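Remarks on the structure that follows.
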Amino acid sequence: MGFLSSLGGLLQQYAGANPDTSNAPQHFDQVAQSVPQSTLANGLAEAIRSNQTPPFAQIASQLFSNGNPQQKASMLSTLAAAVGPSILSRFGGGALAQSGQTSVTPEQATQIQPQDVQNLAEHAEKQDPSIIDKLSQIYAQHPTLIKTLGAAALAVTMSKISQQHSL
């Protein structure tokens with residue numbers, strides 16, 4: 001695990017109970033560039049499940065709000081696969097109401113409001129708790145977007161990565 005030797009000290013800073021988050025965005029950049037994408041996804045998923053971050057649905061809504069149309073479509077398609085087309089049609093004011101559809105286009109995604117995504121994410125999590133892992137895998141591909149969650153969430157993510165690798 002080569003990344004551990006170069007990041008061990010940095011990640012260790014976030015292993016304590018009250019880490020200093022003032023440099024979290026810069027440190028997160030270093031971590032995101034150095035760790036395998038799967039490690040970043042696992043850290044993000046654990047941070048989302050943590051009681052130190054807002055609920056999953058709120059985080060999903062925030063990521064959706066800050067994403068580009070392709071990222072929004074990917075998130076909605078993943079949520080749609082978890083809830084199915086009949087449930088999906090209840091959200092987004094009819095913009096996603098096409099019969100049997102679980103794939104969302106970027107154009108459709110731009111018509112959806114963040115509050116609808118929050119409601120859909122709440123429903124999806126109840127139906128399929130692994131949705132957190134699935135969305136974390138998507139967002140691990142977009143570390144800049146993860147940074148929009150704020151320094152505290154970044155610190156928790158780095159703490160979780162540190163814990164996973166027992167530094």
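The values are calculated or read from the model by the stated rules, or taken from the named source; none is laboratory data. Every value quoted in this text rests on a predicted model; they were computed, and no experiment measured them. Glycine gets a Cβ as well: all are built from the backbone with ideal geometry, and neighbour counts include every protein chain shown.
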**Asked** Between a first residue in region 14-32 that is on the phi < 0 side of the Ramachandran plot and surrounded by 14 or more Cβ atoms within 10 Å (Cβ to Cβ) and a second residue that is of a type in the set (A, V, I, L, M) and part of a loop (DSSP other than H, G, I, E, B), which pairs have beta carbons less than 9 Å apart while being 6 or more apart in sequence or on different chains?
**Response** Ala15/Leu167; Ala32/Ala140
**Prompt:** Thr39 versus (1) closer than 30 Å to Phe91 by Cα; (2) touching a residue at least 12 places away in the same chain (Cβ under 8 Å): which is the lone unmet condition?
**Reply:** (1)
**Prompt:** Cβ-Cβ below 7 Å, separation at least six or inter-chain, first residue in region 45-58 and in contact (Cβ under 8 Å) with a residue 40 or more places away in the chain, second assigned to a loop (DSSP other than H, G, I, E, B): which pairs?
**Reply:** Ala47/Thr53
**Of all residues in region 84-96 being surrounded by 15 or more Cβ atoms within 10 Å (Cβ to Cβ) and more than 21 Å from Gln58 (Cβ to Cβ), the one that is modelled with the lowest pLDDT** = Ala95
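Please determine, by comparing only the residues of region 32-65 that are of a type in the set (A, V, I, L, M, F, W, C) and in contact with a Lys or Arg (Cβ under 7 Å, 6 or more places away or on another chain), which one is farthest from Asp133 (Cα to Cα).
If we take residues in region 32-65 being of a type in the set (A, V, I, L, M, F, W, C) and in contact with a Lys or Arg (Cβ under 7 Å, 6 or more places away or on another chain), then Phe64 is farthest from Asp133 (Cα to Cα).
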**Item:** Wholly enclosed helices (runs of 4 or more DSSP H) of region 108-167 bearing at least 3 residues surrounded by fewer than 17 Cβ atoms within 10 Å (Cβ to Cβ)
**Value:** 114-127, 151-164
